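Worksheet: the structure to be examined is printed underneath.
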Amino acid sequence: MTDSHSRASAGGAPAPRRPAALTNRWVVLAIVFVTRTSMGYQFQAIASVGPLLVTDLGLSWTQLGSLLGLYMLPGAFLALPAGILGQRLGERRTVGGSLALMVAGGVITAAAHGYAPALAGRLVAGIGAVLMNVLLAKMVADWFAGGEMSTAMAIMLTSWPVGLGLAAATLGVLATRTSWRTAILATAAVAALGLVLIAFAYRDPPRRPDGRAAPVEDRSRPSAWEIALGTSAGFAWGCFNASLVAVIAFGPGLLMARGVSLADAGYIVSAAILLTMVSVPLGGLLTDRLGRPNLVIVAGSVVAASVMTLLPVLDHSLLAFCLVGLAIGAPPGGIMTLLPRAVAPAQLATSFGIYYTVFYVMMAAIQSAAGVVRDVSGSAAAPVLFAAVVMAATILGLALFRLLEYAARRRAAAR
């Protein structure tokens, strides 16, 4: 119990209901975690059953890549408006509607008998996922405004790799034993579980946990420098994430070309994803301890890109993918702190909106580009090597960000 609450209960006044709030907010975090896991689970589904989709629907690898990328593309247009929509309709109601879109999109995709219906299903599901992703972060922030917000956010963010890992480990097996349509329907069922949790188990915080009035939102427009910083940081974060997702998406195809079954390929790729649940928090801790985020981001990106180039040549596939899972742990913590340390708090929300808009564009474009590389080259290894190049480009985003930040500070000092 905090000092402020101890003072509030002094003089024989009835004790406040702070312990219940403390308990409930962790329950709320668990609900958000499970709900957000459905996003990673549904996103990874196409990659997990990709070879079966290509055969059954007669898709090209470029078309398969577009099914992957389209799931993220709505974020390019909806990342900024999502907060406004949630404010007008209520976060809980909007997230419920978003999950309903994910369920509907999963059903449409599972029922598809051609590329166009599958594309429509992925678009519907992707719109729901984007809206949900933005608003779940705000819901966690509201509940943890009184403290431990960083811990709560870190836990929430791990739901993405958990969803990816569970999908890689289970959906290939399920598709092999039943059909790819059943596997896609399973993702709709997980989204439906999230919908039930949000509708019946989640509740809005009665007030800010720290008891303070909510700050007045600064609605002034961001400066050109803040737009540039958000764009460059978003480019770095987009390169880093899109590279990893490309490896996850096209890794099973690489393994199958080397004689590995679809089910075993899913297990191998999932090992890399699950290792990020350990390596990413450790990378953040390393960044804080060293106090040199530039060094950690650059070194981590170089090592991760180098390890990715080894995936097509290392004989022990499980070891190779585990090395990827360990290598990519260093940069995320440093990249995610770029904007908060450079942008004024009043403009941080808007800058992050720009940041995530660029991120979603990168995620969509790079997956489609990886599919094109696969078709043009005819090599299962080509998209993985392309992902290594994209990973190295994270350093370019960081360099541009630092140059812009330096120029902005010099301009401010000259005034």
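The values are calculated or read from the model by the stated rules, or taken from the named source; none is laboratory data. Given the structure is predicted, the values throughout are model-derived calculations rather than measurements. Here the Cβ is made from the backbone with ideal geometry for all residues, glycine too, and neighbour counts use every protein chain on show.
Table: residues versus (1) among the small types (Gly, Ala, Ser); (2) more than 20 Å from residue 161 (Cα to Cα).
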site: 325; (1), (2): yes, no
site: 333; (1), (2): yes, no
site: 381; (1), (2): yes, yes
site: 404; (1), (2): no, yes
site: 410; (1), (2): no, yes
Is it the case that some residue within segment 273-281 is touching a Leu at 6+ places or on another chain (Cβ under 9 Å), touching a residue at least 12 places away in the same chain (Cβ under 8 Å) and surrounded by fewer than 17 Cβ atoms within 10 Å (Cβ to Cβ)? yes
If we scan segment 296-311, do we find a residue that is closer than 19 Å to residue 168 by Cα and in contact (Cβ under 8 Å) with a residue 24 or more places away in the chain? yes
Give segment 167-181 a look and list any residue that's farther than 14 Å from residue 275 by Cβ, part of a helix (DSSP H, G or I) and not basic (Lys, Arg), or say none. 167, 170, 171, 172, 173, 174, 175, 176, 180
Filter pass, residue 28 being farther than 23 Å from residue 369 by Cα and crowded, with 21+ Cβ neighbours inside 10 Å: yes
From the residues in segment 229-238 that are of a type outside the set (Val, Ile, Thr) and more than 17 Å from residue 160 (Cα to Cα), which one is surrounded by the fewest Cβ atoms within 10 Å (Cβ to Cβ)? 235
Consider segment 373-415. How many of its residues are acidic (Asp, Glu) and either closer than 12 Å to residue 62 by Cα or buried (at least 21 other Cβ atoms within 10 Å of the Cβ) (or both)? 1
Here are some conditions: (1) of a type outside the set (Lys, Arg); (2) surrounded by fewer than 24 Cβ atoms within 10 Å (Cβ to Cβ); (3) touching a Ser or Thr at 6+ places or on another chain (Cβ under 9 Å). Residue 301 meets all but one. Which one does it not meet? (2)
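For residues that are polar (S, T, N, Q) and over 21 Å from residue 334 (Cα atoms), scanning just segment 260-283, find the one that is modelled with the lowest pLDDT.
270
Considering only residues that are assigned to a loop (DSSP other than H, G, I, E, B) and either under 23 Å from the mean Cα position of the chain (by Cα) or among the aromatic types (Phe, Trp, Tyr) (or both), which ones fall in segment 360-415? Break it down into steps so the answer makes sense when it comes.
Initial filter on segment 360-415 (assigned to a loop (DSSP other than H, G, I, E, B)): 378-381, 393, 415.
If the condition is that a residue be assigned to a loop (DSSP other than H, G, I, E, B) and either under 23 Å from the mean Cα position of the chain (by Cα) or among the aromatic types (Phe, Trp, Tyr) (or both), then 393 is the only one that fits.
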When you scan segment 349-363, do you find a residue that is closer than 24 Å to residue 306 by Cα and modelled with pLDDT under 85, even just one? yes
So, residue 281, is that one more than 18 Å from residue 319 (Cα to Cα) and under 24 Å from the mean Cα position of the chain (by Cα) or not? yes
Looking at the structure I just gave you, is residue 370 of a type outside the set (Phe, Trp, Tyr) and either crowded, with 24+ Cβ neighbours inside 10 Å or over 20 Å from residue 76 (Cβ atoms) (or both)? yes
